[in-house]
């Protein structure tokens, strides 16, 4: 890839972050990269002269229109259940639609280049949903910008990637070049690898530009026969940036958030207080609600600790309802295996968070159905979510059945746990997962019940993420987490092609 193009054509320079030590490219001198935790969410309060208040639909529309005008063919979104794949259950990124046959050059893409806005579901960080106030979502829209370069047929590579990225962000969104930073990175997953600059704007990552140029064969890197442009733009994050809303959930869900608040009978802190708290904590690390509330107290938000703690569960409910709707609308049947298990996991976590907000067991089913109906109405007529309405009867039926099962499991399952503890005083993470899989009992309920017997149970903060990862399909040819490689490897690979 060619970072020098950024320097020559746009005036970017290379800098080293004094906090994380990673290299990044910026038009203006900076001591740190604008990525958390090296920087705060400066986008929440920065004065942008050309950015207007954009809805999720408007950001999505501008992304599509910008790339279509530049020769990209529009591919309609695929289901969130990866039915065409035998190596994973859920569509976790837009490139999944084209792996492995198109990316390996066995089949031509429908257009080349192409644009797709793909609803995606990732549950490996599900415990962070709500807790990070919009940075993590279990379902999200990935704006995919893709091209497939074969020998003798170059569509575009680094120069085109940078041109399209900067053009979209400045012309369609309204950012200035000085706002946009590229942080050097490397991605590897599913046997493929390549340079992957992150696109950062004032504290938030809005895109990752994967140059899928290499494959790993017998532990060695070699150039791939097809150079794949795999650029993913976060439509929700761009919406949050454009609106400068207190949280990402306010930006995405708008009026629905107010309606959910009434149904669940919760209060949020005033908007200005909430935004200030989100900004203040944006460079802090925490993994539980308890750690989050301690930070709030320490940083001067004691008056709002209870409301902000409850808001975390509230935001996760907004997110989880949408995720569940997407899965059920694509025909998932909750079960104990495959994508059905993952749908059940989302449902159970959703119901548990409703209990934490004080919804009574007797009202759990009716409240969930009301939340479902309100969200389906909110997305009525939407390009991606409009399909939810025609599946509403099935969705409601499943919600009723799963809620009853959840309540019955809690009633009967606690007795099983108490019998187990009599035989084994200390429960391991494997025990907690087994109990959850077999009886559907959330680990915090186990912990609360056993505390009555003076038995302490350590529940990992990422419990649901652990469970989700254990139930993913094997041998995934998917975009996995980005990894940090020695700088010499990155610099070597970036020379090619």
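The values are calculated or read from the model by the stated rules, or taken from the named source; none is laboratory data. All values reported here derive from a predicted model rather than from experimental measurement. Cβ sites come from the backbone with ideal geometry, for glycine too, and all protein chains shown count toward neighbours.
Below are the figures for this structure:
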item: Some residue of the stretch 138-150 being more than 24 Å from residue 72 (Cα to Cα) and within 19 Å of the chain's Cα centre (by Cα); result: yes
item: Output for the stretch 233-280, where each listed residue is farther than 25 Å from residue 374 by Cβ, without any contact (Cβ under 8 Å) to a residue 40 or more places away in the chain and touching a helix residue (DSSP H, G or I) at 6+ places or on another chain (Cβ under 8 Å); result: 273, 277
item: Among residues of the stretch 246-304, those that are within 22 Å of the chain's Cα centre (by Cα) and at positive phi, counted; result: 1
item: Verdict on residue 370 being touching a helix residue (DSSP H, G or I) at 6+ places or on another chain (Cβ under 8 Å), buried (at least 16 other Cβ atoms within 10 Å of the Cβ), in contact (Cβ under 8 Å) with a residue 60 or more places away in the chain and within 20 Å of residue 351 (Cβ to Cβ); result: no
item: Residue 287 being surrounded by fewer than 18 Cβ atoms within 10 Å (Cβ to Cβ), touching a helix residue (DSSP H, G or I) at 6+ places or on another chain (Cβ under 7 Å) and at pLDDT below 95; result: no
item: Matching residues in the stretch 198-216 - criterion: being free of Cβ contacts under 8 Å to residues at least 40 places away in the same chain and within 27 Å of residue 283 (Cβ to Cβ); result: 199, 206
item: Entirely in the stretch 107-208, the strands (runs of 3 or more DSSP E) that have 2 or more residues that are over 20 Å from residue 240 (Cβ atoms), modelled with pLDDT of 95 or more and in the same structural domain as residue 92 (by TED's automatic domain parsing); result: 114-121, 139-149
item: Test: residue in the stretch 68-77 that is out of contact with any helix residue (DSSP H, G or I) (no Cβ under 9 Å at 6 or more places or on another chain), at pLDDT below 95 and in a loop (DSSP other than H, G, I, E, B); result: no
item: Extreme residue, farthest from residue 40 (Cα to Cα), among residues of the stretch 84-98 that are in contact with a strand residue (DSSP E or B) (Cβ under 9 Å, 6 or more places away or on another chain) and in a loop (DSSP other than H, G, I, E, B); result: 89
item: Residue match in the stretch 384-394 (condition: assigned to a helix (DSSP H, G or I), farther than 30 Å from residue 235 by Cα and not assigned by TED's automatic domain parsing to the domain that holds residue 235); result: no
item: Within the stretch 412-436, tally of residues that are more than 21 Å from residue 466 (Cβ to Cβ) and part of a loop (DSSP other than H, G, I, E, B); result: 1
item: Qualifying residue in the stretch 82-93 (condition: surrounded by 14 or more Cβ atoms within 10 Å (Cβ to Cβ), modelled with pLDDT of 95 or more and in contact with a helix residue (DSSP H, G or I) (Cβ under 6 Å, 6 or more places away or on another chain)); result: no
item: Flag for residue 317 being surrounded by fewer than 20 Cβ atoms within 10 Å (Cβ to Cβ) and in contact with a helix residue (DSSP H, G or I) (Cβ under 6 Å, 6 or more places away or on another chain); result: no
item: Test: residue in the stretch 2-15 that is over 13 Å from residue 181 (Cα atoms) and outside any helix (DSSP H, G or I); result: yes
item: Residues (part of a helix (DSSP H, G or I) and modelled with pLDDT of 85 or more) located in the stretch 446-468; result: 463, 464, 465, 466, 467, 468
item: Count of residues meeting criterion [in contact with a helix residue (DSSP H, G or I) (Cβ under 9 Å, 6 or more places away or on another chain) and modelled with pLDDT of 90 or more] in the stretch 215-232; result: 5
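Each row is one residue, and each column tells you yes or no for (1) closer than 26 Å to residue 250 by Cβ; (2) free of Cβ contacts under 8 Å to residues at least 12 places away in the same chain; (3) surrounded by 14 or more Cβ atoms within 10 Å (Cβ to Cβ).
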| residue | (1), (2), (3) |
| --- | --- |
| 12 | no, no, yes |
| 26 | no, no, yes |
| 37 | yes, no, no |
| 40 | yes, no, yes |
| 44 | yes, no, yes |
| 54 | yes, no, yes |
